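Okay, so here's the structure we're looking at.
Each reported figure results from applying straightforward, stated rules to the coordinates on display, with no laboratory input. Since the structure is predicted, the reported quantities are computational estimates derived from the model, not experimental observations. Note: ideal-geometry Cβ built from the backbone for every residue, glycine included; neighbour counts use all protein chains shown.
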Amino acid sequence: MSKASRRATVSLLAFCAPALSFYLVFLFYPLLSAFYYSATDWNGVFRTYNMVGLNNYIEAFTKDTRFINSLTYTLRYVVAIVVLENILGLSVALLVESRMRAKGLFRTLFFMPNIMSAYISSLMWLFIFTKVFPQVAERTILTFLDQSWIGNKDIAFISILMVALWHGTGYLMIIYIAAIQGVPSEYIEAAIIDGAGAFQRFRYIILPFLMPAVTVCLFLTLNGSFKIFDTVFSMTKGGPGYSTEVIALNIFRTGFADNMRLGYATAKSIILFFIILVITVLQVTATKRREVEM
C-alpha cells in the first residue's frame with residue numbers, strides 16, 4: 001500500500017470513527033448484551049441471576065399463550081398496515097401530483113399528522129372515538145358512529161388501523177411524490193400520443209420507475225408496524241382483556257409491568273428481532289429483484 005493510500009485510509013477511518021463509536025457503544029454492545037441476558041432469569045433489579053439457557057425461548061413458544069396471541073395479532077396488523085398504508089400513500093401522491101394548483105397546500109395537509117407524535121395523535125383520536133362520534137351520531141343520520149370503538153375487540157382493531165393510517169400515510173406520500181417527479185415526462189407524453197390510457201401509463205411507465213420507492217416504503221412500514229407500541233398503549237392498553245395486545249406491549253409488560261422478568265422479556269425481543277430481520281431481508285430481496293427486472 002502506498003503512502004497516499006495509507007493516508008486516505010487513515011483519513012477515512014478518522015472520519016468514520018465518531019459514528020462507528022456511537023454505533024458500537026449504543027447499538028452493537030446492547031444487542032450483544034440482549035443475547036446474553038435472554039438466557040438468564042434476571043429480573044432487572046438484583047445483580048444476581050441464573051443462566052437458564054434456551055428455557056425462555058421454549059417457554060415463549062410452548063407455554064405463553066398471551067405471547068403467541070400477541071404475535072398473531074401483530075402479524076395481522078402488519079399485513080393490514082403494509083398493504084393499506086402503501087396503497088393510500090401512493091394514491092394520495094398520485095392525486096396530489098395530478099393537480100396543477102395548490103400542490104404545496106395539499107402536501108402540507110396530508111403530511112401534517114406525521115408531525116405530531118403517535119402518542120398525542122392516539123389520545124386525540126381516543127377523544128374523537130369516545131366523545132365526538134357519539135355526539136355526531138346523535139345529531140345526524142350517521143348512527144353507525146355511536147358504537148364501542150375501543151371496547152369491542154374487532155372494532156378496536158379497525159380503530160387502531162385508522163389512527164395508524166392517518167398518522168403514517170403522509171410520510172409515504174412524500175417518498176412516492178419524490179419518485180413520481182423522477183419519472184421522465186417524455187415517456188408519459190409518448191404513451192399519451194400512442195393512445196395509452198391512465199391505467200396503462202401507470203402500469204407500464206410510472207410503476208416501474210416507482211419500484212425503488214416501493215422498496216423503501218415497504219421496508220419502513222414493515223419495521224414500523226412490527227414495533228407498534230404507543231398507539232395501542234394509549235388507546236386500548238391491549239384491551240379489552242388482551243385482545244389488542246401487540247408483541248411490543250407484551251414484551252413491555254413482561255419486563256416491567258407484570259412480573260419484572262427482564263430476562264424473559266429480552267428473549268421475546270430477540271424473537272421479534274429475528275422475525276423482523278427475516279421478513280425484511282425477504283422483502284428487500286424480492287423488491288430489489290423486481291427493480292432489476294423493470
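Scoring 241-250, 266-275 by mean Cβ neighbours within 10 Å over their residues and listing the highest first yields 241-250, 266-275. Within the chain, the whole DSSP H helices whose Cα atoms reach 15 Å or more along their own axis and whose mean Kyte-Doolittle score is at least 0.5 are 3-23, 65-98, 103-115, 153-181, 207-226, 262-293. With a Förster radius of 35 Å applied to the C-beta separation of I188 and M112, the computed FRET efficiency comes to 0.75. Distance check, please: which entries in K63/K268; K237/K268; K227/K288; K131/K153; K103/K227 exceed 21 angstrom between their Cα atoms? Too far apart for the 21 Å limit: K227/K288; K103/K227.
Taking a sphere under 11 Å around the Cβ of L161 and counting the other residues whose Cβ falls inside, with K and R at +1 and D and E at -1, yields a net charge of 0. Here the chain is described by how far its Cα atoms reach on the three principal axes: 80, 75, 31 Å, from widest to narrowest. Global dimensions of the range 48-176 from alpha-carbon coordinates: Rg and Dmax equal 20.0, 67 Å.
Counting only DSSP H runs of at least 4 residues, each contributing -39500 (n - 2.57), and dividing by the residue count of the chain, the helix-based mean residue ellipticity at 222 nm comes to -23000 deg cm²/dmol.
For F106, neighbours were defined as the other residues whose beta-carbon sits under 13 Å from its Cβ, and their charges (Lys and Arg +1, Asp and Glu -1) total +3. Considering only alpha-carbon pairs that sit under 8 angstrom and 6 or more positions apart, the relative contact order computed for the chain is 29 percent. Length available on full extension from D41 to T143: 0.36 nm per residue minus the Cα-Cα distance, which gives 31.5 nm.
Summing +1 for each Lys or Arg and -1 for each Asp or Glu, what net charge is found among the other residues whose Cβ lies under 12 Å from the Cβ of Y242? Please list the in-between numbers first.
Working: positive: R66, K153, K237, R253; negative: D64, E245, D258.
Around Y242, the charge tally is +1.
Between the amide H of T40 and those of V52, distances stay under 5 Å, these residues lying 5 or more places away or on another chain, with hydrogens modeled in the peptide plane. What separates the Cα centres of the range 1-52 and the range 214-285 is a distance of 23 Å.
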